[in-house]
Amino acid sequence: MPGAGKTLASEFFIKKGMLHLRFGQAVLDYLIKKGLTVNEKNERKIREYLRKKHGMAAMAILNLPKLKALKQKGPVIADGLYSFDEFLILKKQFKQNIVVISVYAPPHMRYERLAQRKLIAGDKRVVNRPLTRSEAESRDLAELKNLDKGGTIAMSDYTVLNTKSISFLNKQLNEIYKKIS
């Protein structure tokens, strides 16, 4: 879910030498290409447009060529797997060669984190964009209801808690890393 700590988890694995692909970047790239302002309203509009055009597995479909190319070079951390249809496509495509990790933090913690984010000027990936509490709540409900995101979380291979310090999160991620590497 937004603000749970997916980026922190990705950064952990990147430091371990994994390549990185951010699924939601397809939406942000589309907004930037079209000259639209990056905000929750426009992101939702484009996410819904892309899913209408490509189906519920849109982000997996749009990112599959990039993911395959990166996997040729080494292990990849793919950040932001959302819909259950995306999960199913990746499981079918990569069989047992995929590990899904859910990063969990309760809503009140995530909303506080999201509200404190600062957009970094010049960041073309627009990773740390802030959301108000109402925007975050609305996005949560939309993702759970419209993307069947709960199924992906329920079927993940591992769940880590991002409820304390970064070292607490990293300790859990390191245990997973030892198992999968």
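Every number here is computed from the coordinates shown, using simple stated rules; none is lab data. All figures in this text were calculated on a predicted structure; none of them were measured in a lab. Heads up, the Cβs are rebuilt from the backbone with ideal geometry, glycines too, and the neighbour counts pull from every protein chain shown.
The alpha-carbon positions of region 77-181 define a convex hull whose volume is 127 Å³ per residue.
Relative to its residue count, the chain spans a Cα convex hull of 119 Å³ per residue. When the alpha carbon coordinates of region 10-86 are projected onto the principal axes, the ranges are 35, 24, 19 Å, largest first.
Measuring nothing but how far apart in sequence close Cα pairs (under 8 Å, 6+ apart) lie, relative to its length, the chain scores a relative contact order of 28 percent. Along its principal axes, region 21-66 has C-alpha extents of 26, 21, 15 angstrom, given from the largest down.
Using only side-chain charges placed at the Cβ, +1 for Lys and Arg and -1 for Asp and Glu, the dipole size of region 6-180 relative to its Cα centre rounds to 480 debye. Only helices enter this figure: runs of n ≥ 4 DSSP H residues, each worth -39500 (n - 2.57), summed and divided by the residues of the chain, yield -18000 deg cm²/dmol at 222 nm to the nearest 500. Applying 0.36 nm per residue to the separation of K66 and K145 and subtracting their alpha-carbon distance, the gain on full extension is 25.7 nm. Note on region 43-87: Cα-only Rg and Dmax are 11.5, 34 Å.
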